[in-house]
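Student: Below are the structure tokens for one structure; questions will follow.
The values are calculated or read from the model by the stated rules, or taken from the named source; none is laboratory data. Note that the structure is a prediction, hence the values are computed from the model and not measured. Please note: Cβ atoms are built from the backbone with ideal geometry, for glycine as well, and neighbour counts cover all protein chains shown. Heavy atoms of the whole protein, side chains included, go into the accessibility calculation; ligands, DNA and RNA do not. Shrake-Rupley method; radii C 1.70, N 1.55, O 1.52, S 1.80 Å.
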Amino acid sequence: MHINKASAVVKKKSFLSALLILILSILSLFVLKDIALALILLFVAVALIAVNFLIISRRLFDVLGTRFMLIVVLFVLALFFLLIIVLLNGSGILLEHQSIGDLLFSSAWKPFSNHFGLFAVIIDTLIVTAISMVIAVPISLLTAVYITEYAPTRLRNMIRPFIDVLAGVPSVVFGLCALLVFIPVVRDYIAPFFGVVTSSGFCLFTASLILSIMVFPIIISLCVESFSSIPLALKEASLSVGATKWETVKKVIFRASGPGVLSAIFLGFGRAFGETIAVSMVIGNQELIPRTLFGSGQTLASLIANNYTEVASIPLLASALIFVALILFVVVLIFNICGFLVLRRASKRWKY
Amino acid sequence: MLASLAIVIGSLILIVSVIVLNGASSLSLEMLTQTSEGSFYLGSGGGFLNAIVGSLLLALPATAFAFIISVCIAMYLQKEFIPSRFSSFIRICLDIMWGIPSIVYGVFALTIMIALGLHGGSVLFGIFALTLLEIPIITRSVDESIKVVPHGLKESAYSLGSTRFETSLHVVRRQAMPGIVAGILLGFGRGIGDAASILLTVGDSNYFPTSVLDQTAALPTIILNLAGMPEKTVQNKAYAVAFVLLLIVLSISILTRYFTKKSSKYIIK
């Protein structure tokens, strides 16, 4: 009885929403004059009404719902594999023109004479990512330890929202700040300090700085999560045998949460590696290996962002950019698999 | 340790204050209520209302699609529906999707767009790229909250005779509500702020888009355009736009905290 009532309510609701969508569809046809949108809405409305009449039994409802979820899952998996196929297919055109060794190990990027060498860009990407991780990892780890172990509860509750906000700031905003603050600082103080007077500020080092700030919240929040999941008894055992707090942190907490910390670092690396906009705003955008850290460069991701406008005029360039995207994808894939394997091994070794 | 904490907090305060100080001073009401009539980039009047509308037109439908898809996936990943081998395979795929840089989604959408013979950009493919970007984010959040639904609760629903789908729809959905809300808002915040994927797919325009195949301006892309202009007065407008974007993102972050707290009231532990 109760179930019949509930399904009647559901029917009424979905019928009303179908009517609403139908009205929207008519509106979009006559007011916006957009036939495609009207058709899509009409389709949705008809589907809703059809489903409404179809629901005769709860069993059928269950089967239909489950099928629908399965279809959605398969759809997303199909999209994922379509992504791989499109990337492979698109870079195939370039690979017919130029060998893969030549692409990866020559550093002349000359789209106008149809020669694409990515060596310099790859090296720049590695340098920028490595420096940003060197800056970000120790700072984030120490912050995470402070938040979980040392900070009083009130301070901890105050810091957490800050980290969340930092995680949500759009990358273009980071880039804008770097443009205004970091570039003059690097140009006028940091580069001369290291003996480079000719730096414009648009350099690998600035890019690494801004990337490390962008990576902070990822590593911190994941580390805080895994630090706070360590059983209290483990810490207390360490403290009770006379270890100081720092010794406990070093020997117990870091070790017990090793897998979590590792996967946090992997994720941070992935973010730094693929970040596009903030980097392309400050790195100077030149496809060469600079002699110092304070020279201009280009990363794989920013290469795509800076060259896509000329895709229409140079046919092979599109293929080259797809190839760059493929490299990004493959690196992310390898990192995920490595992270997965390392995690499995590590969680076996660092069992507690 | 305190020094590293100070660096992290300091960098956040630095970024927010730079944007707020520069943005608030160059922002005017005119900018928020007018479209950019071409002269906006040249230093004279005009505003960026079309970019605000464009950004919402991209991020809202993308979040809606991603929400439907993600909730379906996350519900289906429960062990009632699917053997754990497949579900761990799907989870790995989603982790990889989570890690893919957004520019790769941009390239993917751009390639399909060129293959279909469209040039310049369109709202539709911007939505497509953003949806792909948001699916793993929302799914992860929903999945995490479904995982901690107590098993006894589901079992009691089954013992009363409800089907798997009904249990998911009524019992698990309510338990997972904080995760769903947080996921939607996280995804929306990420979608509205992401420049790389829409840079390649939506093009640029000075007016409101009138159809799904039109080009449109969006907040992150016009920040990028404005910041690249040589004149100082035009560059300052970038801070005004960034200020608006930051306001949107910050208010989403506050909304997330509020709604997760509110929706976790009904949870049975």
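Student: If eta is 1.567 mPa s and T is 4 °C, what Stokes-Einstein diffusion coefficient results for the protein assembly as shown, Kirkwood Rh from Cα pairs, in µm²/s?
Tutor: It diffuses with D of about 50 µm²/s by this estimate.
Student: Simple spin-label model, 7 Å along Cα-to-Cβ: residue B:79 to residue A:88 in nm?
Tutor: A separation of 3.4 nm, rounded to one decimal place.
Student: Give the average, rounded to an integer, of partner chain Cβ atoms located within 10 angstrom of each Cβ in B:209-222.
Tutor: Partner Cβ neighbours, averaged per residue: 2.
Student: What is the Å³ per residue value for the convex hull set by the Cα atoms of the range A:292-352?
Tutor: Per-residue hull volume (Cα only) is 127 Å³.
Student: Apply the Karplus parameterisation 6.51 cos²θ - 1.76 cosθ + 1.60, with θ equal to phi minus 60°, to every residue of the range B:114-120 and state each ³J(HN,Hα) to the nearest whole Hz, in sequence, with x for glycine and proline.
Tutor: The phi angles translate into 5, 5, 7, x, 9, 10, x Hz.
Student: Can you pull the one-decimal nm distance between simple spin-label points at residue A:104 and residue B:89, each 7 Å off the Cα toward Cβ?
Tutor: Taking the simple label geometry, residue A:104 and residue B:89 are separated by 2.8 nm.
Student: Ok, one more. In whole Hz, with x marking every Gly and Pro, tabulate ³J(HN,Hα) for the range B:66-78 from phi via Karplus 6.51 cos²θ - 1.76 cosθ + 1.60, θ = phi - 60°.
Tutor: Residue by residue, the range B:66-78 yields 4, 5, 4, 4, 5, 5, 4, 4, 5, 5, 6, 6, 5 Hz.
Student: Heavy atoms of the protein only, probe of 1.4 Å, neighbouring chains included. What is the accessible area of residue B:97 in Å², nearest 10?
Tutor: 10
Student: Let me ask something else about it. Can you give the FRET efficiency to the nearest 0.05 for residue B:254 and residue A:112, using r as the Cβ-Cβ distance and R₀ = 51 Å?
Tutor: Approximately 0.55, to the nearest 0.05.
Student: Can you tell me which aspartates and glutamates have their Cα less than 16 Å from the Cα of residue A:251? Leave out same-chain residues fewer than eight positions away.
Tutor: Correct list for residue A:251: A:149, A:236.
Student: Give the average, rounded to an integer, of partner chain Cβ atoms located within 10 angstrom of each Cβ in A:222-235.
Tutor: Mean shielding by partner chains, rounded to a whole number: 0.
Student: Round to the nearest 10 and report in Å² the accessible area of residue A:156, as given by a 1.4 Å probe over the protein chains' heavy atoms.
Tutor: Estimated to the nearest 10 Å², residue A:156 gives 80 Å².
Student: For peptide A:61-67, compute the average count of partner chain beta-carbon atoms within 10 Å of each residue's beta-carbon.
Tutor: For this peptide, the per-residue mean of nearby foreign Cβ atoms is 5.
Student: Moving to a separate point now. Scan chain A and note any complete DSSP helix (H) whose C-alpha atoms cover at least 15 Å along its axis and whose Kyte-Doolittle average is 0.0 or more.
Tutor: Helices passing the filter in chain A: A:2-30, A:35-54, A:58-97, A:119-145, A:153-168, A:204-228, A:258-274, A:315-349.
Student: Still on this structure, please answer the following. Most mobile of A:244, A:292, A:276 per a Gaussian network model of chain A (Cα springs, under 10 Å)?
Tutor: A:244
Student: Return the Rg/Rh value of the range B:229-269, two decimal places, where both radii are evaluated on C-alpha atoms and Rh is the Kirkwood radius.
Tutor: Rg divided by Rh gives 1.42.
Student: Okay, next question. Cut-off 10 angstrom, C-alpha nodes, Gaussian network model of chain A. Which of A:160, A:271, A:59 fluctuates the most?
Tutor: Comparing A:160, A:271, A:59 in the GNM, the peak value goes to A:59.
Student: So, one more: Show the residues, 5+ positions off or on another chain, whose built amide H is closer than 5 Å to the amide H of residue A:109.
Tutor: A:117
Student: Follow-up. Under a 1.4 angstrom probe, counting protein chains only, how are A:19, A:32, B:133 ranked by accessible area, largest first? Show your work: numbers first, answer last.
Tutor: On the way: A:19 80, A:32 100, B:133 5 Å².
Sorted descending by solvent-accessible area, the residues read A:32, A:19, B:133.
Student: Report the residue, chosen from B:164, B:140, B:173, that carries the largest GNM mean-square fluctuation when chain B is represented by alpha-carbon nodes joined by springs under 10 Å.
Tutor: Maximum among the listed residues: B:164.
Student: For residue A:30 and residue A:200 in the same chain, what is the full-extension length gain: residue separation times 0.36 nm, less their Cα-Cα distance, in nm?
Tutor: Residue separation times 0.36 nm, minus the Cα-Cα distance, leaves 55.6 nm.
Student: Going by accessible area, probe 1.4 Å, with all protein chains left in place, what is the ranking of A:308, B:207, largest first? Show your work: numbers first, answer last.
Tutor: Details: A:308 50, B:207 125 Å².
So the residues, ranked largest to smallest area, are B:207, A:308.
Student: If the label point is 7 Å along Cα→Cβ of residue B:208, which residues in the range B:45-87 have backbone nitrogen under 20 Å from it?
Tutor: The answer is B:46-62.
Student: With +1 assigned to the C-beta of every Lys and Arg and -1 to the C-beta of every Asp and Glu, and no other charges, what is the dipole magnitude of the protein assembly as shown about the Cα centre in debye, to the nearest 20?
Tutor: Here the protein assembly as shown has a charge dipole of around 2700 debye.
Student: Related question: Would you calculate, for the protein assembly as shown, the mean residue ellipticity at 222 nm contributed by helices, counting each DSSP H stretch of 4 or more residues as -39,500 (n - 2.57) and dividing by all residues, to the nearest 500? Numbers along the way, then the final one.
Tutor: Working: 25 runs with 435 residues, N = 621.
Mean residue ellipticity, 222 nm, calculated: -23500 deg cm²/dmol.
Student: Could you give the Stokes-Einstein D for the range A:109-349 in µm² per second, using the C-alpha Kirkwood radius, 20 °C, 1.002 mPa s?
Tutor: Rounded to a whole number, D works out at 109 µm²/s.
Student: Round to the nearest 10 and give me the degree value, 0 to 90, for the angle of helix B:123-147's Cα axis relative to the longest principal axis of chain B.
Tutor: The answer is roughly 40 degrees.
Student: Provide the packing ranking of B:242-249, B:188-195, A:314-321, i.e. peptides ordered by the mean count of other C-beta atoms within 10 Å per residue, highest first.
Tutor: Peptide ranking by packing, descending: B:188-195, B:242-249, A:314-321.
Student: At a 1.4 Å probe radius, which order do A:97, B:151, B:119 fall into by accessible area, largest first?
Tutor: From most accessible down to least: B:119, A:97, B:151.
Student: Counting only the heavy atoms of the protein chains, how much of residue B:167 is accessible to a 1.4 Å probe, in Å² to the nearest 10?
Tutor: My reading of the accessible area for residue B:167 is about 0 Å².
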